[in-house]
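Asks: Just dropping this structure here.
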Amino acid sequence: MPIKVLHIDSNHPILWEQLEEAGFENYADFTSTKEEIEAKIKDYQGIVIRSRFKIDKQFIDKAINLKFIARVGAGLESIDCDYAISKGIELIAAPEGNRNAVAEHTLGMILSLFNKLNLADSEIRSGQWNRESNRGHELDGKTVGIIGYGNMGKAFAKKLRGFDVEVLCYDIQDNVGDENAKQVSLQELQEKTDVLSLHIPWTPETDKMVDATFINGFKKPLWIINTSRGKNIVTADLVAAMESGKVLGAGLDVLEYEKLSFETLFQDKNTPEAFQYLLDGRKVILTPHIAGWTFESHERLAQVIVDKIKAVCL
């Protein structure tokens, strides 16, 4: 019997095409509610998702024939992983697929912040020619601290090889450092870091990790870049640190306020005060969760998922 796969989010067409060529039966449903999908998920052996809704215990209990859940992205936080694994369901993700995109975006944010590119551009467009106030900083000579040294962290460290910087990494796993970054304790990273880049998943351990206490643990004023997950930073504490001068600038591709679907931030039009500060801030760069969202990574993510599904099922 062919393996029936339900796609509930759109992806690069090679994912569908290559699964079909391999003998899988593809079915698409990009519009039904979670409850409507639950009512028919028993008919499928595989599901391919991005972030439309959570795959929770209730959903998994309805998916009595599910062999795998494939998320076309880096993380699996929208899935009740422990419960799925207890039911014998294979979990598939593709952090390899967009790690280069995330690394390039992270570096771009740092260089733009240091050189005030976005600010200078907007000023010129409004008729201002301000050279002194847009004097920038150089990355050379700085210490870059990376928290989370997996696929994304390693890819970012590799991009820094062209700069005269010291690169430190901290990770809960031992012996992950390499020729591009020296693994150190969190205390040493906080003592030396000028630029902090987060490359961590969203877990109970990392939720709200970057709060006032954490930020004040750094010896020097610093820049903070977050291309990981928005809820890893307490926005109000970040804003307070920016107001005090402890944080010199921030590049945020992800926000504490994101909805799961990433489509809207504030449907009720009530903008939190801390977020309004970011919107008005001259030392902030914001992007809409696109660090790993390039044309190249779109295809690469799909290819990684196809290869992993075939490895699990064939």
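The values are calculated or read from the model by the stated rules, or taken from the named source; none is laboratory data. Computed from a prediction, not measured in an experiment: that's the story for all the values here. With ideal geometry, Cβ positions are generated from the backbone for all residues, glycine too; neighbour counts draw on all protein chains shown. Surface accessibility is based on the protein's heavy atoms, side chains included, excluding ligands, DNA and RNA. Shrake-Rupley method; radii C 1.70, N 1.55, O 1.52, S 1.80 Å.
Asks: Which residues, taken from segment 198-219, are among the hydroxyl-bearing types (Ser, Thr, Tyr) and open to solvent by 50 Å² or more (accessible area, probe 1.4 Å)?
Replies: The answer is Thr213, and nothing else.
Asks: Counting only residues that are in a helix (DSSP H, G or I), under 17 Å from Ile233 (Cα atoms) and aliphatic (A, V, I, L, M), how many does segment 168-201 have?
Replies: Number satisfying all stated conditions: 1.
Asks: Is it the case that Pro221 is within 15 Å of Ile172 (Cβ to Cβ) and either aliphatic (A, V, I, L, M) or out of contact with any helix residue (DSSP H, G or I) (no Cβ under 8 Å at 6 or more places or on another chain) (or both)?
Replies: no
Asks: Further question: Residues in segment 24-50 that are within 19 Å of Val306 (Cβ to Cβ) and in contact (Cβ under 8 Å) with a residue 24 or more places away in the chain: how many?
Replies: 8
Asks: Could you check segment 21-68 and list, in sequence order, the residues that are in a loop (DSSP other than H, G, I, E, B) and among the hydroxyl-bearing types (Ser, Thr, Tyr)?
Replies: Listed by number, the residues that qualify are Thr31, Ser32, Thr33, Tyr44, Ser51.
Asks: Just to verify a result, which residue in segment 53-66, among those that are in contact (Cβ under 8 Å) with a residue 24 or more places away in the chain and surrounded by fewer than 18 Cβ atoms within 10 Å (Cβ to Cβ), is farthest from His289 (Cα to Cα)?
Replies: Among them, the one singled out is Lys62.
Asks: Keeping to segment 149-196, report how many residues are closer than 16 Å to Met109 by Cβ, of a type outside the set (Val, Ile, Thr) and open to solvent by less than 10 Å² (accessible area, probe 1.4 Å).
Replies: Final tally of qualifying residues: 5.
Asks: Can you pull out every residue in segment 270-299 that is farther than 18 Å from Gly249 by Cα, outside any loop (DSSP other than H, G, I, E, B), under 16 Å from the mean Cα position of the chain (by Cα) and not polar (S, T, N, Q)?
Replies: Correct list: His298 only.
Asks: Right, another one. Quick one: which residue in Thr203, Thr227, Thr235 is within 19 Å of the chain's Cα centre (by Cα) and free of Cβ contacts under 8 Å to residues at least 60 places away in the same chain?
Replies: Matching residue, one of Thr203, Thr227, Thr235: Thr235.
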